[in-house]
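A short worksheet on the structure shown next.
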């Protein structure tokens, strides 16, 4: 397996570009199933999860292509022949977002057979809300041999009130409802920018969606959709990670293409630490203070502080002045990076779903192991600050959500390299 080796102590300086958003690209690629013809997507990040989604679509019979050369961020998905409406276990087990094909398949083809999802081991992420929504639209759901089977001659509009806020559940049911007969009202919806982005794409395809980005989404079903061309919005979690990288190293970095309104909670917390965060030149500049102050954080659904930034901020708090309290309210197993940060000298105590972090004067480089996507980013960030050499192993987690992160950090002055297995 590849690993990343970091030698800490270098303040990051310069400019860095944010790639397209993984969590927007995955449902948008799945939405190509809703229309015959070729859809073209730009600013698609070159990530393991994107490759998995393309493989899922290929397995069903879609034609897919990632253009090379100067247009290497362009993906094409062609729905031009018979489709096998099944997502097999071998692919879905590696990425839970594969379940996003469920809604489009049952809406367009009347049936779907999708393996129960896998993905990061950060906690239980059931798809019961996906199934509840599809049932409300008239689908018959059965669970057999580890697969979800959904059938419906014609989905019909209905009211779906999600018991808990779910991003992929909102997206899956929204994609199903666009071809349902009549009006659907989705309540207690996720409000993330990626949900808004999917609705934007679906509307460009001919859907009639209102309210995306709020808790109530109204959808008037249409008979058919058309293929689309669309550029994916920038990845707010990658942007936030790069912003924290500037802060933890005492740097001064312009994170280009970062969208301020997508990062309000992260910006607020960084400013509370003493960082200067300003919008300029199509991005956000982060300038670190001489001493980073401690802040308390509780993760909540958007527009609150994102759970996908919790591990990175914890890395920053390990070297902050004072004590911080970090509460995780979204996933129950999202502190798996803590034992690895301990190996680097961090002072962190876990109390249920809360971590108490006492800042230390220095971290020390050590061999550490990534346990999930965002945990791997926090270990890289800690390595940027630590004295000596840090080896981050199992970085295939990192490659699921960050496009060549080590190269971007190196261009900002970090002493970081990937060692091929």
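Does residue 217 qualify as being farther than 22 Å from residue 32 by Cα, assigned by TED's automatic domain parsing to the domain that holds residue 36, out of contact with any helix residue (DSSP H, G or I) (no Cβ under 6 Å at 6 or more places or on another chain) and crowded, with 16+ Cβ neighbours inside 10 Å? In short, no.
Looking only at residues in segment 143-154 that are in a loop (DSSP other than H, G, I, E, B) and farther than 24 Å from residue 182 by Cα, the one that is nearest to the chain's Cα centre (by Cα) is 146.
Considering segment 165-191, the residues that are surrounded by fewer than 24 Cβ atoms within 10 Å (Cβ to Cβ) and within 24 Å of residue 236 (Cα to Cα) include one that is nearest to the chain's Cα centre (by Cα), namely 167.
Tell me the residue from 78, 87 that is at pLDDT below 95, outside the structural domain of residue 406 (by TED's automatic domain parsing) and either touching a strand residue (DSSP E or B) at 6+ places or on another chain (Cβ under 6 Å) or surrounded by fewer than 24 Cβ atoms within 10 Å (Cβ to Cβ) (or both), please. Step through it out loud before you land on a result.
On the way: 78 fails: at pLDDT below 95.
Going through 78, 87 in turn, just one is at pLDDT below 95, outside the structural domain of residue 406 (by TED's automatic domain parsing) and either touching a strand residue (DSSP E or B) at 6+ places or on another chain (Cβ under 6 Å) or surrounded by fewer than 24 Cβ atoms within 10 Å (Cβ to Cβ) (or both): 87.
The set of residues in segment 167-194 being in a strand (DSSP E or B) and touching a residue at least 40 places away in the same chain (Cβ under 8 Å) consists of 181, 184, 186. Among the listed residues 258, 265, 231, 245, which satisfies the condition of being in contact with a strand residue (DSSP E or B) (Cβ under 8 Å, 6 or more places away or on another chain), modelled with pLDDT of 95 or more and under 15 Å from residue 13 (Cα atoms)? That would be 245, the only listed residue that is in contact with a strand residue (DSSP E or B) (Cβ under 8 Å, 6 or more places away or on another chain), modelled with pLDDT of 95 or more and under 15 Å from residue 13 (Cα atoms). Consider segment 120-141 and keep the residues that are over 16 Å from residue 105 (Cβ atoms) and part of a loop (DSSP other than H, G, I, E, B). The one that is modelled with the highest pLDDT is 126.
Say whether the condition of being part of a loop (DSSP other than H, G, I, E, B), in contact with a helix residue (DSSP H, G or I) (Cβ under 9 Å, 6 or more places away or on another chain) and buried (at least 17 other Cβ atoms within 10 Å of the Cβ) is met by at least one residue in segment 342-352.
Of all residues in segment 342-352, those part of a loop (DSSP other than H, G, I, E, B) come to 344-346, 352.
Narrowing the set further to residues that are in contact with a helix residue (DSSP H, G or I) (Cβ under 9 Å, 6 or more places away or on another chain) leaves 344, 346.
From what's left, buried (at least 17 other Cβ atoms within 10 Å of the Cβ): 344, 346.
Checked segment 342-352: at least one residue is part of a loop (DSSP other than H, G, I, E, B), in contact with a helix residue (DSSP H, G or I) (Cβ under 9 Å, 6 or more places away or on another chain) and buried (at least 17 other Cβ atoms within 10 Å of the Cβ).
Scanning segment 383-421 for residues that are over 23 Å from residue 22 (Cα atoms) and outside any strand (DSSP E or B) yields a total of 9.
Would you check if residue 164 is in contact with a strand residue (DSSP E or B) (Cβ under 8 Å, 6 or more places away or on another chain) and not in a strand (DSSP E or B)? So residue 164 fails the test. Entry remark, segment 361-392: residues being at pLDDT 95 or above, closer than 27 Å to residue 239 by Cβ and surrounded by fewer than 24 Cβ atoms within 10 Å (Cβ to Cβ) number 2 in total. Taking the criterion of being part of a strand (DSSP E or B) and touching a helix residue (DSSP H, G or I) at 6+ places or on another chain (Cβ under 7 Å), the residues of segment 353-373 that qualify are 355, 357, 368, 369.
Of the residues examined, residue 291 is one that is more than 27 Å from residue 259 (Cβ to Cβ), modelled with pLDDT of 95 or more, in a loop (DSSP other than H, G, I, E, B) and in the same structural domain as residue 399 (by TED's automatic domain parsing). Residues being within 23 Å of the chain's Cα centre (by Cα) and within 30 Å of residue 409 (Cα to Cα) are represented in segment 198-215 by at least one member.
At positive phi, surrounded by fewer than 24 Cβ atoms within 10 Å (Cβ to Cβ) and more than 23 Å from the chain's Cα centre (by Cα), is that true of residue 157? No.
Here is a yes/no grid of residues against (1) in contact (Cβ under 8 Å) with a residue 12 or more places away in the chain; (2) in a helix (DSSP H, G or I); (3) farther than 16 Å from residue 96 by Cα:
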| position | (1), (2), (3) |
| --- | --- |
| 11 | yes, no, yes |
| 16 | yes, no, yes |
| 33 | yes, yes, yes |
| 38 | yes, no, yes |
| 51 | no, yes, no |
| 57 | yes, yes, no |
| 78 | yes, no, yes |
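Among the residues of segment 195-203, are any part of a loop (DSSP other than H, G, I, E, B) and either under 25 Å from residue 33 (Cα atoms) or touching a helix residue (DSSP H, G or I) at 6+ places or on another chain (Cβ under 9 Å) (or both)? Looking for residues that are part of a loop (DSSP other than H, G, I, E, B) and either under 25 Å from residue 33 (Cα atoms) or touching a helix residue (DSSP H, G or I) at 6+ places or on another chain (Cβ under 9 Å) (or both), one finds none in segment 195-203, hence no.
Criterion first (assigned to a strand (DSSP E or B), outside the structural domain of residue 73 (by TED's automatic domain parsing), buried (at least 24 other Cβ atoms within 10 Å of the Cβ) and touching a strand residue (DSSP E or B) at 6+ places or on another chain (Cβ under 8 Å)) does residue 277 satisfy it? Don't jump to the end; show me each part of the working.
On the way: assigned to a strand (DSSP E or B): yes; outside the structural domain of residue 73 (by TED's automatic domain parsing): yes; buried (at least 24 other Cβ atoms within 10 Å of the Cβ): no; touching a strand residue (DSSP E or B) at 6+ places or on another chain (Cβ under 8 Å): yes.
In short, no.
Tell me yes or no: at least one residue of segment 142-161 is more than 26 Å from residue 111 (Cβ to Cβ) and modelled with pLDDT of 95 or more. Scanning segment 142-161, I find no residue that is more than 26 Å from residue 111 (Cβ to Cβ) and modelled with pLDDT of 95 or more, so the answer is no. With respect to (1) buried (at least 16 other Cβ atoms within 10 Å of the Cβ); (2) more than 24 Å from residue 420 (Cα to Cα); (3) not assigned by TED's automatic domain parsing to the domain that holds residue 366, the lone exception for residue 50 is condition (2).
The values are calculated or read from the model by the stated rules, or taken from the named source; none is laboratory data. Please read all numbers here as calculations on a predicted model, not as lab measurements. We place every Cβ from the backbone using ideal geometry, glycine too, and count neighbours over all the protein chains shown.
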